[in-house]
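Enquirer: Mind looking over this structure? Questions follow.
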Amino acid sequence: MEDDTISPSSTLSTLRHRKGHSTDTSLDTSTTPPPPQQDDEDQDEQDTKKQQRPPYNPQRGFDAMLLLVTFMAFFTRCWNIGDPAQVVFDEVHFGKFASYYLRREYYFDVHPPLGKLLLAAVGYAVGYDGHFLFDHIGDDYIEHGVPYVALRLLPATCGALIVPVVFLILKELGLSVAGATFGAFLIILDNSLITQSRLILLDSMLTLFCVCSIYAWIRFYKKRHVPFSFEWYFWLSMTGIALACTTGVKMVGLFTVAAVGIAVLFDLWNLLDYRRGLSLREFARHFSARALCLIFLPLVVYLAFFYVHFAILVKSGPGDAFMSPAFQDGLLGSEMNTNSSAIPFFSNITIRHRETTAYLHSHPEKYPLRYDDGRISTQGQQVTGYPHRDLNNHWTIEPVDPALYPSAAPYTPTDQETERNVRYVRPNDLVRLRHARTNSHLITHDVASPLTPTHMEMTTIPANDTNRYNETLWKIQLVADDSSDKLWSKRAHFRLVNAIHNVAVHCHKGQLPDWGFGQQEVNGNKALKEANNVWWIDQVEHARIINGTEIGEPIIDPKTQPQKPTLPFLSKFVELQSLMFAHNAGLTKPHPYSSTPITWPFVLRGISFWERKAGLRQIYLLGNPLIWWLSITGTVMYAAMWIMDRILLRRGIDDFGPIRTWWDNAIGFLFVTWLTHYLPFFLMGRMLFLHHYLPSFIFSVLVLVCTLEFCFVRVWSLSQRKKSVLRPSRTYVMLTSLIVVGAAWGYWYFAPLTYGIGFESVPSLQSRKWLSSWDLQHA
Amino acid sequence: MQYGWNVRERVEFAKERFATFAFCQGPPQAMALNDEDTLRKRKPQAGETISYETYVATHPNNYVNLGIDSAIQSTANMSAPPTCAPAAEAFAHRPRETPLPQTNLYVVVAVTLVAGLVRLYRISNPSQVVFDEVHFGGFASKYIQGKFFMDVHPPLGKLLIAASAVLAGFDGSFDFKSIGLDYLEPKVPYVAMRMLPGILGVLLVPVAYMTMRNLRVSNVVSIMTAVLLIFENGLACQSRAILLDSILLFFMGLALMTWTDFLNLQKQPFSFAWWFSLASTGLTMGLAASVKWVGLFVIATIGFSTIANLWALLGDLRVTPGQYAKHFFARVLCLIIVPIAVYMTVFGIHFLVLTNTGSGTAFMSPEFQSTLRGSEIKDTFAEVGFGADILIRHENTKGGYLHSHKHYYRTGSKQQQVTLYSFADDNSLFQILPALVYENGTARSPAVTQFQPIKHGDIVRLEHVASNMRLHSHEHRAPVTDNEDHYEVSAYGAPGFLGDSNDHWRVELVDYDDSHPHLLAIESRFRLVHVNLHCTLFSRAVKLPEWGFGQQEVTCANHKGRKDLTYWRIDLNQNLLQNPFSRRAYYKKPSFLSKFIESHKVMWKINDGLNGYHPFQSRPDSWPVLGRGISFWSAKEGTGQMYLVGNPFIWFSALVSLGLYVTIESVAAILQKRGHQRTAESVAKTAGGGGPLLFLGWALHYFPFFLMGRQLFLHHYFPSFYFSVLLLGSLFEGATRRFNHLFRSFAVLCICTVAIYVYINYSPLTYGIPMSKEHCKRLKWRQSWDWDCKKQLDDPIE
């Protein structure tokens, strides 16, 4: 009847007694209630029973079962792990990234570094040097001498460890040995978790850290009666560290953070209750301990992963182009270092667009008099964006003439300029751009541009036309603050803002019609701050510049450390993190195996990882349908029963009574965790895959297991007026065993797809195709 | 000490105790008992049944060890609020203190008149097309001419505008093609058309006043709210052009008003007034949603409020299950069925009016097109035989017909292109021929001399009539979908060359059964499977590069992905060998429901596709802080310009009130949690009467926009802004509740004066009338307000 009666040791001691940590197995908010007076009879009854037989101690059962499930988990995950000895599915990516770590070459990826660092660490430990780049699915590992089994063993170990952690979660939640074992078996026997764990992928690590966070949080929560004790702090900080690790593998770890965050807020809100008797001071102490361990500590750990990431990747590599010039500046052998020079006036330059890498281009052809939509143009010379090298990309950069534009800032040469007899372009200078081949100046004017009527047309006017002098003036506005007093090629990103019209030179992917040779449109944009307005200078031709380096400047050897100090760690981190978010949201390219979140719980479709015609072999990511359908049913059942209970309660009908606390708090927590790992995907615009559901799947299994335990053990013992719920009824054991046997059959039946061992005949493969939407390749 | 521990007992206790309290009549006495000091002093009498709070309060030592199991806790929770649950209260009003306020008719008339003067002043200026009048004026023309069009918004707003144009005698001959076109020369009755949004914008003001009165806000503060809405530059500017937003706002405001009416009638369930307000809420919600889909947010707001209302009712144990069911179904009827009926009726009118083909025809399925006058979809021979000239349409993209032309791929085989093209021309005509026959190693094309129907599983060749090339596929990667699952499809052949087996395609009917093995035009969907490569003719919404004229790519797909993209259908079937009297097939005219559903699919798609760029678009985070406005119009000659920007004073006051409201509610909740019941209540009163409902309305009309990827504008914030202005009024009422009437009136006067002053300053932008350059620059408080001051003359008055 009371919460405490369900804990193992309280049945041994007296009911009133609370014995520190090991007694409290249930997840509830209220603390030990005083025994009701009417309970005396029950207690007497129980005392007599106690004398009749030795106390039931489930601990030994838990230990034995823990060993068993761990062993089985390792067996199912590691069996035949070396097959196929080929690159499978996303091993293309994650294997490649591990190689880059070992080569120390900078790469860019949307996921945080921890998972890939761990893979690289395994590779390092077995002496792999990163020579193989995992370029195509189906490339042979043995031929290239890649220690792929070692690499695969890491995710497999993580995948196997999920099982004991889940078992311990269930144990800590106060489930019986039978219930906890039941839950662990459902995880062991799920085919999708096995497939996902056996390859060089990040999801098993993510899921392991995710369940570890939940486990640590439950341990912490159960220590709430001894706040600020060592163990309390220990589990609190373990929660924080596990959360950081989860997020460190993939950004979806933030969903785990959300789940724990909701629990923390709920807990704090209860602590704030005056009936708890905490003073505001004590409350503040609780609050700051949580802030320290769950916000500050994880942040530090998370940053540490990136610190290691940057510390390892010091060489220029395939990820350079994603980063800002200042970032690339710090990489060994980057072009930013070796080929950048200050730009003197009257040098010949090419200007490139940052987002599309097109060159600013012009040619003698004119805009047509009349566009397709009937608008009329000025018939000026075309200015376009052109992706290839061409003589028409060359512009001469000229200073402003104070005689013609009196409001220009006065120019005083620096000592270096006098000595070298040049004048360098400075940030925020007004410049004119003369197109070298047609000898005309770049201008913009108040005429709608061909494709974008809201923007201003860009054209050129002959060099001798001084009437429109002011319109040819462009201000060089740097994107990032730069302390340098010169404008550097390659390194400086800037906007060109017209002095009169206050529009920036803008370029986008939109192609001009045939009259513009399909080149990109360039126009003047009133919204100055847009990303598409940014340009940089590529080549510079000037008498003083030889091989990209100016006479008098030191020549930089690409092998040595960069001359300039690298960016501070935090700005590197912020830059990379925001790029990761941006690119993650941009992953919208259709993929044949992408799916929508609503289909996930129902196993409507899997992902084909690898296939080979010979032997009808295919690795197909597919959940064990029996477990998946059962778990979603259980989860929906829980929600329905919860709502029914609330409605009845509102009408004054209370059926759950004392066991509601566990029903609400323990299962409710798991249910909310399932929701936070599932619902946010509905809001995401990027391509999504079945494996995104795996963490939520585990929690839906836990909800199912706990709901069954609640219905068959707790409600039953409530109706039987039984005190102990840790010795479940025979019916319950029978039922769970039956489900496990069914699940085991499902596991065995779909195992050929899970391990890719192939089928004997097409009909036996076809019989596996339960739903027409499963893409079994050879059926 | 004895306390009830049996659950049933506790429930009985709770029932007894609170049976005396009228529904939602302020906090029951148990709350008063919560006062800590009183409780600690009070010793329970022997045999007395005490509440959970009393127990806790009298046993301070048990504070940490709460000591009462959940059963007691749950009854304790019940014991406090079964008649007035906190959740219910959160969305309904605060408990009643005053009798139902009366709206003052004089005030209603007065604010309407003032609003009319302010809003409709010089509504004929500018006499040119302004901003989105391009669209909504254009739609009115199309309605008048009955030309079918597609738009992302439901029809009601546009129908009303069209109706006002018809009444003013407009014949739809003007096409509103671009901003700045002149209205006077072609004699467009634009003033009448602008009057409709204008007048509805005016009527929003009395509606807001009455809503405030329903929320038990005092007369003077309600007037203040109305004045703030009149002198809001953004709302004024928006309601002066032919746009949908003020129509939407009016229906939305009306729905809120009737709903607050309904909430005030809780004591007289099923009375006429009760039914009337409930039904009119449903009606106005339906109208709002029929103007723009944003109206769904007002349905959500009232939906949440309804759930809270029903939850409160559920806790009233005097309401029997039967009565409860009656309550429940009354709401289902009025708040779900009525709005759906209204919405569908509006669409019915829409379909009735648009009877001719027009610019929207190409978006629709051939079934739909066949209902429009002048459509190209005609009936044709049903049975398809060898030798027939056919048009093959892709079923599940709107890409159009299988097409080829004398242009070549730039990639892969460099053979003649095969594409999808949305218009049926001669280049889309294919002749369906039997497969080559091989005799002694030489190929022969069998002659077709008599009608021979094509069956499921037949192998055919498709010859492009205009070029005599045959549909062909081979092991080259497709031009755009460059992966191993897709092969290129080309048209291949040469004079005198019969072709090879890569021209062979097997016809597979999708819904094949033995009794209907024949390929039928229009009626059967089929796949074309390449005999040698086992791939299926496939297309998806991907365009070829410029050398393919942006037409849709056609490939032969190997993967088992989207099956529905491999379905084709024959639209035209000409065959000289066929008996001219043989059965003809035609598209079935769709029912209203399927037309309705199809329009919605297309609308959704267009809405999703609105991710182009607009120079004055903005993101939701900039709206509450008035980050940026929209340039509506600027004069070609002269200096007038219309720029949509809110009255900064009102705008920022509303923002502050939102922040204050959240703070007050949080502080009250924390105080309550800390046991300071009375202080918490008095703090909560500062938030005013309508707080929870209005705040919910604001949030539900604002946050969903963050999830939308399409281009958004400042005017999307107006519905949300309306709620925040009402919240401002409600908060002002709460904050000044201790003031005497005179002082409060004075404060109201001050606020109104400032608002009007700011309004007048910004009015040149609102009305599109010239102003001096200095004035223009002075108005630019923020750098990001990008109206153009350079064009202004130095002083227009001189």
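The values are calculated or read from the model by the stated rules, or taken from the named source; none is laboratory data. A quick note: this is a predicted structure, and the numbers were derived from the prediction, not measured. Counting neighbours? That spans all protein chains shown, and the Cβs are built from the backbone with ideal geometry, glycine included. Calculation scope for accessible area: heavy atoms of the full protein, side chains included, ligands and nucleic acids excluded. Shrake-Rupley method; radii C 1.70, N 1.55, O 1.52, S 1.80 Å.
Enquirer: If you rank B:I597, B:I751 by how much accessible surface each has, with a 1.4 Å probe, what is the order from largest down? Before the final figure, lay out the partial values.
Expert: On the way: B:I597 85, B:I751 45 Å².
Reading off the accessible areas and sorting them downward yields B:I597, B:I751.
Enquirer: Sticking with this structure for a sec: Rounded to the nearest 10 Å², what accessible area does B:K142 show when all protein chains are kept and the probe is 1.4 Å?
Expert: Counting only protein heavy atoms, B:K142 exposes about 60 Å² to solvent.
Enquirer: With each run of n ≥ 4 DSSP H residues scored as -39500 (n - 2.57), what mean residue ellipticity at 222 nm is computed for chain B after dividing by its residue count and rounding to the nearest 500 deg cm²/dmol?
Expert: Details: 25 runs with 339 residues, N = 798.
Roughly -13500 deg cm²/dmol at 222 nm, from the helical runs in chain B.
Enquirer: A further question follows. Would you work out which of A:P453, A:L68, B:L105 lies farthest towards the positive end of the dipole of the protein assembly as shown, given +1 charges on the beta-carbon of Lys and Arg and -1 on that of Asp and Glu, about the Cα centre?
Expert: Working it through, the farthest residue towards the positive pole turns out to be B:L105.
Enquirer: Under 1.5 on a/c is rounded, so check that first for the protein assembly as shown, then, if it is not, pick prolate when a/b is larger than b/c and oblate when it is not; a ≥ b ≥ c are the square roots of the alpha carbon gyration tensor eigenvalues.
Expert: Details: a/c = 1.42, a/b = 1.19, b/c = 1.19.
Rounded, since a/c falls under 1.5.
Enquirer: A:R152: accessible area at probe 1.4 Å, nearest 10 Å²?
Expert: About 0 Å², ignoring ligands and nucleic acids.
Enquirer: I've got another one for you. Placing +1 on the Cβ of each Lys and Arg and -1 on the Cβ of each Asp and Glu in the protein assembly as shown, which of A:L616, A:L236, A:Y411 has its Cα farthest towards the positive end of the resulting dipole?
Expert: In the protein assembly as shown, that residue is A:L236.
Enquirer: Summing +1 for each Lys or Arg and -1 for each Asp or Glu, what net charge is found among the other residues whose Cβ lies under 10 Å from the Cβ of A:V422?
Expert: Values: positive: A:R420, A:R423, A:R544; negative: A:E417, A:E419, A:E550.
Taking every Cβ under 10 Å from that of A:V422, the sum is 0.
Enquirer: Same structure, new question: Could you give the length gained by full extension between A:T731 and A:R281, i.e. 0.36 nm per residue of separation minus their alpha carbon distance, to one decimal place?
Expert: Working: separation 450, 0.36 × 450 = 162.00 nm, distance 5.09 nm.
That works out to 156.9 nm of additional length.
Enquirer: Tell me, what is the percent relative contact order of region B:375-577, built from C-alpha pairs under 8 Å that lie six or more residues apart?
Expert: Details: 506 pairs, mean separation 57.9, N = 203.
Rounded, it is 29 percent for region B:375-577.
Enquirer: What's the local net charge at B:G116, with K and R +1, D and E -1, over the other residues with C-beta under 14 Å away?
Expert: Working: positive: B:R119, B:R122, B:R194, B:R240; negative: none.
Once positives and negatives cancel, what remains is +4.
Enquirer: Any of B:K398/B:K601; A:K171/B:K673; A:K509/B:K601; A:K589/B:K563 with alpha carbons more than 22 Å apart? Name them for me.
Expert: A:K171/B:K673; A:K509/B:K601
Enquirer: Taking the alpha-carbon centroid of each part, what is the distance from region A:371-448 to region B:114-176 in angstrom?
Expert: One Cα centre to the other: 46 Å.
Enquirer: As an exercise, use a Förster radius of 22 Å and the Cβ-Cβ distance of B:N440 and B:A494 to find the FRET efficiency, rounded to the nearest 0.05.
Expert: Numbers: r = 22 Å, r/R0 = 1.02.
Working from the Cβ atoms, E equals 0.45.
Enquirer: Here's something else I'd like to know. Average the reciprocal distances over every distinct pair of alpha-carbons in chain A, invert the result, and give the Kirkwood radius in Å. Let's see the in-between values first.
Expert: Values: mean 1/r = 0.0324 Å⁻¹.
After inverting the mean inverse Cα-Cα distance, the result is 30.9 Å.
Enquirer: So how much accessible area does A:S571 have, in Å² to the nearest 10, using a 1.4 Å probe?
Expert: 50 Å²
Enquirer: Would you work out if region B:375-577 is rounded, prolate or oblate? Take a ≥ b ≥ c from the square roots of the eigenvalues of the alpha-carbon gyration tensor; rounded if a/c is under 1.5, else prolate when a/b is larger than b/c, oblate otherwise. Walk me through the numbers before you get to the answer.
Expert: Values: a/c = 1.37, a/b = 1.16, b/c = 1.19.
The shape class here is rounded.
Enquirer: Tell me the mean residue ellipticity at 222 nm calculated for chain A from its helices only (DSSP H runs of n ≥ 4, each -39500 (n - 2.57), averaged over every residue, nearest 500). Don't skip to the end; give the middle numbers.
Expert: On the way: 23 runs with 316 residues, N = 779.
Theoretical 222 nm ellipticity from helices: -13000 deg cm²/dmol.
Enquirer: Right, something else. Averaged per residue, what accessible area in Å² does chain A show with a 1.4 Å probe, protein chains only?
Expert: Numbers: 32050 Å² over 779 residues.
On a per-residue basis, 41 Å².
Enquirer: If you don't mind, there's one more thing I want to ask. Give me the dipole magnitude in Debye, nearest 20, for region B:648-798 about the Cα centre, with unit charges on the beta carbon: positive for Lys and Arg, negative for Asp and Glu. Before the final figure, lay out each step's value.
Expert: Working: 15 positive and 9 negative charges, 106 e Å.
Computed charge dipole of region B:648-798: roughly 520 debye.
Enquirer: Could you tell me the relative contact order of chain B? Use alpha-carbon pairs under 8 Å, at least six residues apart, and round to a whole percent.
Expert: Values: 1429 pairs, mean separation 108.1, N = 798.
It comes to 14 percent, rounded to a whole number.
Enquirer: Please give the Cα centre distance for region A:73-124 versus region B:449-525, rounded to the nearest Å.
Expert: After rounding, the separation between the Cα centres reads 45 Å.
Enquirer: For A:R730, A:R646, A:R420, A:R104, write out the residues from largest to smallest accessible area, computed with a 1.4 angstrom probe and no ligands counted. Working shown, then result.
Expert: Working: A:R730 200, A:R646 65, A:R420 40, A:R104 100 Å².
Greatest to least solvent exposure: A:R730, A:R104, A:R646, A:R420.
Enquirer: Mean separation of Cα pairs under 8 Å and 6+ residues apart, divided by the residue count of chain A: what relative contact order is that in percent? Display every interim value, and only then the final one.
Expert: Numbers: 1319 pairs, mean separation 117.6, N = 779.
Reported relative contact order: 15 percent.
Enquirer: Probe radius 1.4 Å, ligands and nucleic acids ignored: give me the carbon and sulfur share of the accessible area of region B:375-577 as a rounded percent.
Expert: Carbon and sulfur atoms account for 48 percent of the accessible area of region B:375-577.
Enquirer: Nearest 100 Å² is fine: what is the total accessible surface buried where chains A and B meet, probe 1.4 Å? Before the final figure, lay out each step's value.
Expert: Values: alone 34190 and 36210 Å², together 66160 Å².
Heavy-atom accessible area buried at this interface is about 4200 Å².
Enquirer: Region A:620-699 to region A:141-198: how many Å between their Cα centroids?
Expert: If you average the Cα positions of each part, the centres end up 22 Å apart.
Enquirer: May I pose another question? Find which of B:S618, B:S582, B:L671 sits farthest along the positive direction of the dipole of region B:551-690, computed with +1 on the beta-carbon of Lys and Arg, -1 on that of Asp and Glu, about the Cα centre.
Expert: Positive-end residue among those listed: B:S582.
Enquirer: Among the chymotrypsin sites (Phe, Trp or Tyr not before Pro) in region A:365-424, which ones are in a DSSP loop with at most 13 other Cβ atoms within 10 Å of the Cβ? Mind listing them?
Expert: Working: sites: A:Y371, A:W395, A:Y411, A:Y424; in loops: A:Y371, A:Y411.
The qualifying sites are A:Y411.
Enquirer: For region B:378-437, just say rounded, prolate or oblate: build the C-alpha gyration tensor, square-root its eigenvalues into a ≥ b ≥ c, call rounded for a/c under 1.5, and beyond that prolate if a/b exceeds b/c, oblate if not. Walk me through the intermediate numbers first.
Expert: Working: a/c = 2.31, a/b = 1.30, b/c = 1.77.
Because a/c hits 1.5 or more and a/b fails to exceed b/c, region B:378-437 counts as oblate.
Enquirer: Kindly flag which residue pairs out of A:K486/B:K777; A:K116/A:K315; B:K142/B:K589; B:K187/B:K780 have an alpha-carbon separation exceeding 28 Å in this structure.
Expert: Values: A:K486/B:K777 34 Å; A:K116/A:K315 17 Å; B:K142/B:K589 23 Å; B:K187/B:K780 37 Å.
Long pairs (Cα-Cα over 28 Å): A:K486/B:K777; B:K187/B:K780.
Enquirer: Now, a different point. Summing Lys, Arg as +1 and Asp, Glu as -1, what charge do residues with Cβ under 15 Å from the Cβ of A:H363 carry, A:H363 excluded? Write down the numbers at each step before the final one.
Expert: Values: positive: A:K366, A:R389, A:R434, A:R437; negative: A:E365, A:D390, A:D514, A:E521.
Summing Lys and Arg as +1 and Asp and Glu as -1 gives 0.
Enquirer: Would you work out the charge dipole size for the protein assembly as shown about its Cα centre, treating the Cβ of every Lys and Arg as +1 and the Cβ of every Asp and Glu as -1, and quote it to the nearest 20 debye?
Expert: Working: 141 positive and 130 negative charges, 594 e Å.
Magnitude of the dipole: close to 2860 debye.
Enquirer: Sticking with this one: Rounded to the nearest 0.05, what FRET efficiency is calculated for B:V542 and B:L352 with R0 set to 51 Å and r the Cβ-Cβ distance? Provide the component values of the computation, followed by the final result.
Expert: Numbers: r = 37 Å, r/R0 = 0.73.
For B:V542 and B:L352, the calculated efficiency is 0.85.
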